[in-house]
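The values are calculated or read from the model by the stated rules, or taken from the named source; none is laboratory data. What you are looking at is a predicted structure, and each value in this text was computed from that prediction instead of being measured. So basically every Cβ, Gly included, is an ideal-geometry build from the backbone, and we count neighbours across all protein chains shown.
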């Protein structure tokens, strides 16, 4: 089961959709981004193709992560709806997971069908058959110098309609401007290769808007890209490429890991990381749109596995002005355009 | 501002009720327990009396806690709606707070008025003036041998109507049967002194039902008493006595603290405590009825101050059968009647 953020929530909620009458017609995902020309192909076939690609991508990501951090221990958890693979106690990553979920021939509840119809402008009936597939991952770094990376891709198919969603975003403990420029540049380049001229800017904004804690007036991290309800003909290839790039040696993330992984850090810096992880939990449990109605006895561990391993909470832990911690908060409060578009 | 559980949530939500149109007609509190004969007195006066008592009780609790754990550092935070007093880094308690909230002449939103009318069977109009006062506290122990204690009392006044609510409950890392019997016996005795013959049993059941994580099928702790919408003539005195007893030398909690505070514990036991605290956070952020709509930029720290200081999350951290951890979980999954009634 896909365990992170919106993806985990969507799929967990779909997984219980048949059993539950309490689903509310809340949007599971950020507002649809602009929709490009529709691909009217054989949905089942392209679904199978995507599902197969996602399985391969999971294997590749796990192999890459094992190579990068051979000290981590791994738990592989096959279940009826996919395969959750959990990393713990590595030198680079303290906790993480890379999971695939596959739902075939699910049956849409009335509420869910109406929600999807409303969101996508299509007309989908209750009881319709759907399929969904997702890969999602999170990597919580041990060092406060190395950021957390989260990402996912998903496809949702009803009849001939299929929608793609996903994203990749970075959550540093300390904002490093060069890292942010590097990270966003790589994502912008990918968007420019596959999408339209405004794809990166739109997806960057959607990401900033989604990973936001309104009561803190803080964004969770420095963003990345996030998209949903995407029917563009380039959506499947873009989605696969995004995940393929995630842990690439020359991708958005691994150069940042290599740059910082062996840097020394202090106890005070580690403590600041644990406090920032408190915000990560706050976001996941309070704001992630689907967590609450995706939460069932079967899904709770798979939804909450994205939690960091160790987290601190402190009353009004506001950093002193002029400190690196305060500089980081300033960026989280006012997202920047890291890449000129 | 009262920072814990239902109380924090209620008061935080009331505090923003005027400003927000997004309040939903969710019950903030557990179902009303049986209502005894109403006290038709001068509500304003008894409100002032209760508010004054609550201020004195806060001072007394702080003095008692300082005496019991002189190494802790304290932060006193006066704000427009009361006084939050936070304890950190003590030898006995790693984090805690003892807070008072006072709202006078608030104005009820339409949604809120209709919710209260529905719950209490009264007819309260939008725009009615209300007052509310609460004391709430939580003490997160350092040692996994010493349980966490949480409690609150609150009064809510509209015109001549006043409703009392509150409770005290225990969240141990390891269930100790003798502790549970002691804790519940003291609360049962208090209920028997002030209430009716079924008061303890009703309040114990309300508490078990409220502090419950449905997706885990676990209760958060071993319970205690919890009550709401109580209009009995004994409600004010009972509420005050409950808080007065909370940290009493011979009360429900302090004998348990004295018994275990100097016991040795292992790293593995501390780790189990941190994992149980993960459930504490899960409850507070996912299930506490008012947290989400009580959450505003002004209230977020006061609501979330009840979070433990350090928390761990681990995928499927199910203890081995036959271990003390498994025995504790068995009790949390099937609440017991600790006191014969």
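Figures for the structure shown
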read-out	value
Options B:253, B:212; residue that is under 30 Å from residue A:297 (Cα atoms), in contact (Cβ under 8 Å) with a residue 24 or more places away in the chain and in contact with a helix residue (DSSP H, G or I) (Cβ under 8 Å, 6 or more places away or on another chain)	B:212
Qualifying positions in segment B:188-203 - in a helix (DSSP H, G or I) and in contact with a helix residue (DSSP H, G or I) (Cβ under 7 Å, 6 or more places away or on another chain)	B:188, B:190, B:191, B:192, B:194, B:199, B:200, B:203
Verdict on residue B:180 being surrounded by 20 or more Cβ atoms within 10 Å (Cβ to Cβ) and free of Cβ contacts under 8 Å to residues at least 60 places away in the same chain	no
Evaluation of residue B:244 against (1) away from chain A (no Cβ under 14 Å); (2) under 30 Å from residue B:85 (Cβ atoms); (3) touching a strand residue (DSSP E or B) at 6+ places or on another chain (Cβ under 6 Å) (one fails), failing number	(3)
Index of the failed condition, residue B:93 passing every other in (1) under 21 Å from residue B:230 (Cβ atoms); (2) modelled with pLDDT of 95 or more	(1)
Only listed residue being over 17 Å from residue A:83 (Cα atoms) and either in contact with a strand residue (DSSP E or B) (Cβ under 6 Å, 6 or more places away or on another chain) or in contact (Cβ under 8 Å) with a residue 24 or more places away in the chain (or both), chosen from A:157, A:153	A:157
Residue tally, condition more than 10 Å from every other protein chain (Cβ to nearest Cβ), in contact with a strand residue (DSSP E or B) (Cβ under 6 Å, 6 or more places away or on another chain) and either assigned to a strand (DSSP E or B) or under 17 Å from residue A:137 (Cβ atoms) (or both), over segment A:90-108	12
Some residue of segment A:252-262 being surrounded by fewer than 19 Cβ atoms within 10 Å (Cβ to Cβ) and at the interface with chain B (Cβ under 10 Å from one of its Cβ atoms)	no
Verdict on residue A:316 being more than 9 Å from chain B (Cβ to nearest Cβ) and at pLDDT below 90	no
Any hit, segment B:36-44, residues being at pLDDT 95 or above, farther than 19 Å from residue B:254 by Cα and surrounded by 15 or more Cβ atoms within 10 Å (Cβ to Cβ)	no
Given (1) touching a strand residue (DSSP E or B) at 6+ places or on another chain (Cβ under 8 Å); (2) surrounded by fewer than 19 Cβ atoms within 10 Å (Cβ to Cβ), number of the condition residue B:324 does not satisfy	(1)
Residue list for segment A:109-163, filter: modelled with pLDDT of 95 or more and either surrounded by fewer than 22 Cβ atoms within 10 Å (Cβ to Cβ) or assigned to a loop (DSSP other than H, G, I, E, B) (or both)	A:142, A:143, A:144, A:145, A:146, A:147
